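Working notes, structure below.
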């Protein structure tokens, strides 16, 4: 009788195993902040490692590579084709180091990312000359090893004038009359376009690409220069609006032939392109992106 009474008292006044398990499950567990922070740290390191050794995104902020690259283009830059150097890390934190790990020379015509010596700013240019080449520019024509590069006939391209004024944030081509005199015009569709004069330039290896020639400019003449070992010569496709190897560092150029250690990678393809016209208003989001840019290869075509 006493045992029955004791059992009854236990069932009535103390929780059994199932009740204790339910209470334990209902009690919120504490967040393991140390474990969460470790996970975030490993994720950050993985992203930085990928950007350092494999590939990273790149944004086009200027018109120096028109007509192939527009302001607002987003592209992928691969880090491994030329090996790795002190500029390979996502953030430029390393001092200058000679040589490249598993280094390979680029090919003429490659579009490359370069960091001008003494700066932390990434430029995008086209590689024109390699170590041992002799290069000069005369009246806008590139002379490579004593031979003028082949140029096709003059022709034109109409680039949509996204924004049409420097006041618009990140416009595609402002077609500023001071930069592109007489180029702004209205098409048959009533939209504004920037009409640019082009020449197709062909390198000795058969690779060819379009260049913009707006007429006489300070970069149209460059004295013949022998490219030293371990250096390359880079130029923008928008020849009269590009600060490149033809200009000194003081002029925000590349200061002549660039040591190959300053090459950060090779541009591969465009992922998407923004016009800079959209706003926070969802009705304007359709204006924020350019169609037909995604997947565009940035490798110069080669004559067959």
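Annotations for the structure displayed:
- Likely footprinting exposure, 79, 304, fewest C-beta neighbours within 10 Å first: 304, 79
- When you restrict to C-alpha pairs under 8 Å that are six or more residues apart and normalise by the size of the range 64-302, the relative contact order lands at 28 percent.
- Likely footprinting exposure, 210, 36, 201, fewest C-beta neighbours within 10 Å first: 36, 210, 201
- Shape call, the range 64-302: gyration tensor on alpha carbons, a/c limit 1.5: oblate
- Going by neighbour counts of Cβ atoms within 10 Å, the residues 50, 86 line up, fewest first, as 50, 86.
- Between the range 89-133 and the range 46-85, the Cα center-to-center distance that results, in Å: 12 Å
- Residue 271-residue 43 pseudo-label distance in nm [points 7 Å out on the Cα-to-Cβ vector]: 1.7 nm
Read-outs throughout are calculated quantities, based only on the coordinates presented, and are distinct from any laboratory measurement. Since the model is a prediction, treat every value here as computed from it, not as a measurement. Positions of Cβ are generated from backbone atoms using ideal geometry, with glycine treated the same way; all protein chains shown enter the neighbour counts.
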